[in-house]
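Written out below as structure tokens is the structure these notes cover.
The values are calculated or read from the model by the stated rules, or taken from the named source; none is laboratory data. As the structure is a computational prediction, the values presented were derived from the model and not from experiment. Here the Cβ positions follow ideal geometry from the backbone for every residue, glycine too, while neighbour counts run over all protein chains shown. To get the accessible areas, we keep the full protein, side chains included, count just its heavy atoms, and leave off ligands, DNA and RNA. Shrake-Rupley method; radii C 1.70, N 1.55, O 1.52, S 1.80 Å.
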Amino acid sequence: MERSFIETAADSHFPIQNLPYGVFRPKSGGSPRVGVAIGDCVLDLSVLELAGFFEDTSLAGRKVFGQSSLNAFMALGRPVWREARARIQQLLSDEEPALRDNDALRAEAIRLQSEVEMLLPAQIGDYTDFYASKDHATNVGIMFRGKENALMPNWVNLPVGYHGRASSVVVSGTDVRRPLGQMKRPDEVRPTFGPCRQLDFELEVGWLIGPGNEPGEPIPIDRAEEHIFGLVLVNDWSARDIQAWEYQPLGPFLAKNFATSISPWVVPLEALEPFRVQGPPQDPEPLPYLRQTGAGSFDIQLAVDLQGGQMAEPQRICTSNFRYLYWSMAQQIAHHTVGGCNLRPGDLLASGTVSGAEKSSRGCLLELTWRGAEPLQLGDGEQRVWLEDGDKVTMSGWCQGDGYRIGFGSVTGRVLPARREK
């Protein structure tokens, strides 16, 4: 197994087999730049770029790593990504002396992750949120429409989604303020205005688009993955009571546009290849433009921890897996573009809540508490139906290899009280 001269523990999310990309700024000062995570460290790619380590590759003269986003690099496409990744792995190998034995270069290019501030990895132009988990859609449908009408007729024929708000996508660690909005209970004649009472998290996985497509030119299913730069964890915060009142007939609005949190490290699709698996069987067979050959999913273990403001330790409340998704990333991209929509570098697409068949794998409080009927029992005698002020939600994800992990790190967010009404 390939090893780096930078020591990484067996349970580290960031061995040399991973090398996720991110944008960071040294806490000691300096401008944002692109790096990769390796063990507990960050390798500053802008330093290697200026030192000429990419001049004999397709990146020669491009200067894509001294920037405040990954967009310029993502736009270059898979052959260039693959070439850059091979060079970075070579430089970090325990058998390569160029960086390992150059003390001055190492001091400049390698920093502890604790010494940097992680920033949003991309300038996100557009954000699309899907509804790709059959277990999640079925559970929600049962709660709101009953077992006989749990899934709408279109759900098993196309990847359902909506266009979200890119301006409120925030990086992990950003506090999230409880939103204000209109709500109407069934026994109320008129809606009321105030802080959301049913604040929820949603365990999701997202992917950032590299090269896009021209307007009017769909991306075919067999080429869709060529447009995926890498994956991140997503917490798509949700105001359930606001959503219940506003969503008909056009879907989510204020209930979703106040915040979406993503993890700072973008795991390359190439790092996930050893963990490629088949998704669930699809019945009925999708229409031709959605038919995918080969395995279209990945064995990514997912978890959610919740820590209340008065709790000494976080408590794990959900374990799920990306492979549970009914619609694959390629199918979602093919459907997104089949009508002529053009994707662009930096666009974020997300899976929707990732839930499995078991209760413990339900990826949101709406399902875990069955809309409040089954409160979640936590440590220190606390329980939850919905998120309370001061609650901290941490999502993590990883693929388990033989003696190593390909991890995403985590995405965290703490709930702040709503702003005072004026």
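Among residues of the stretch 1-22 that are closer than 11 Å to Gly401 by Cβ, those with a beta-carbon under 6 Å from a residue that is at pLDDT 95 or above and among the small types (Gly, Ala, Ser) at least six positions away or on a different chain give the pairs Asn18/Ala271. Among the residues examined, Pro195 does not qualify as more than 27 Å from Ser328 (Cβ to Cβ), open to solvent by 10 Å² or more (accessible area, probe 1.4 Å) and at pLDDT below 95.
Quick check, is Asp380 open to solvent by 20 Å² or more (accessible area, probe 1.4 Å) and touching a residue at least 12 places away in the same chain (Cβ under 8 Å)?
On the way: open to solvent by 20 Å² or more (accessible area, probe 1.4 Å): yes; touching a residue at least 12 places away in the same chain (Cβ under 8 Å): yes.
Here the answer is yes, as Asp380 does meet what is asked.
Residues in the stretch 312-339 that are under 17 Å from Gly206 (Cβ atoms) and part of a strand (DSSP E or B): Ser320, Asn321. Can you find, within the stretch 207-248, the residue that is farthest from Val80 (Cα to Cα) among those that are open to solvent by 10 Å² or more (accessible area, probe 1.4 Å) and of a type in the set (Gly, Ala, Ser)? Restricting to residues being open to solvent by 10 Å² or more (accessible area, probe 1.4 Å) and of a type in the set (Gly, Ala, Ser), the top hit is Ala244.
Can you report the number of residues in the stretch 253-277 which are open to solvent by 40 Å² or more (accessible area, probe 1.4 Å) and touching a residue at least 40 places away in the same chain (Cβ under 8 Å)?
Going through the stretch 253-277, the residues open to solvent by 40 Å² or more (accessible area, probe 1.4 Å) turn out to be 253-254, 257-258, 270, 273-274, 276.
Going one step further and asking which of them are touching a residue at least 40 places away in the same chain (Cβ under 8 Å), we end up with 254, 257-258, 270, 274.
Within the stretch 253-277, residues that are open to solvent by 40 Å² or more (accessible area, probe 1.4 Å) and touching a residue at least 40 places away in the same chain (Cβ under 8 Å) number 5.
Which count do you get for residues in the stretch 156-207 that are touching a helix residue (DSSP H, G or I) at 6+ places or on another chain (Cβ under 9 Å), farther than 22 Å from Ser133 by Cα and not in a strand (DSSP E or B)? Please lay out each step first, then the result.
Here is the first cut: in the stretch 156-207, the ones touching a helix residue (DSSP H, G or I) at 6+ places or on another chain (Cβ under 9 Å) are 156-161, 179-185, 191, 196-202, 205, 207.
From what's left, farther than 22 Å from Ser133 by Cα: 179-185, 191, 196-197.
Still in the running and not in a strand (DSSP E or B): 179, 184-185, 191, 196-197.
Of the residues in the stretch 156-207, 6 are touching a helix residue (DSSP H, G or I) at 6+ places or on another chain (Cβ under 9 Å), farther than 22 Å from Ser133 by Cα and not in a strand (DSSP E or B).
Can you find a residue in the stretch 12-31 that is out of contact with any helix residue (DSSP H, G or I) (no Cβ under 7 Å at 6 or more places or on another chain), closer than 24 Å to Thr174 by Cα, of a type in the set (Ser, Thr, Tyr) and surrounded by 15 or more Cβ atoms within 10 Å (Cβ to Cβ)? For the stretch 12-31, residues out of contact with any helix residue (DSSP H, G or I) (no Cβ under 7 Å at 6 or more places or on another chain), closer than 24 Å to Thr174 by Cα, of a type in the set (Ser, Thr, Tyr) and surrounded by 15 or more Cβ atoms within 10 Å (Cβ to Cβ): present.
Which residue, of Gly363, Gly308, is surrounded by 23 or more Cβ atoms within 10 Å (Cβ to Cβ) and under 19 Å from Trp237 (Cβ atoms)? Please lay out each step first, then the result.
Numbers: Gly308 fails: surrounded by 23 or more Cβ atoms within 10 Å (Cβ to Cβ).
Only one candidate qualifies: Gly363.
Just the residues that are more than 14 Å from Arg33 (Cα to Cα) and exposed (fewer than 15 other Cβ atoms within 10 Å of the Cβ), please, taken from the stretch 63-82. Those that are more than 14 Å from Arg33 (Cα to Cα) and exposed (fewer than 15 other Cβ atoms within 10 Å of the Cβ): Pro79, Arg82. Just so you know, in the stretch 159-192 the residues that are among the charged types (D, E, K, R) and over 23 Å from the mean Cα position of the chain (by Cα) include one that is least open to solvent (accessible area, probe 1.4 Å), and it is Glu188.
Among the residues of the stretch 32-62, the one identified as open to solvent by less than 50 Å² (accessible area, probe 1.4 Å), over 13 Å from Ile110 (Cβ atoms) and among the polar types (S, T, N, Q) is Thr57. Residues in the stretch 378-422 that are more than 30 Å from Val36 (Cα to Cα) and among the hydrophobic types (A, V, I, L, M, F, W, C): Leu378, Val385, Trp386, Leu387, Leu416, Ala418. When the stretch 118-151 is filtered for residues that are without any contact (Cβ under 8 Å) to a residue 60 or more places away in the chain and either assigned to a loop (DSSP other than H, G, I, E, B) or open to solvent by 20 Å² or more (accessible area, probe 1.4 Å) (or both), the ones remaining, listed by number, are Thr138, Ile142, Phe144, Arg145, Gly146, Lys147, Glu148, Asn149, Ala150, Leu151.
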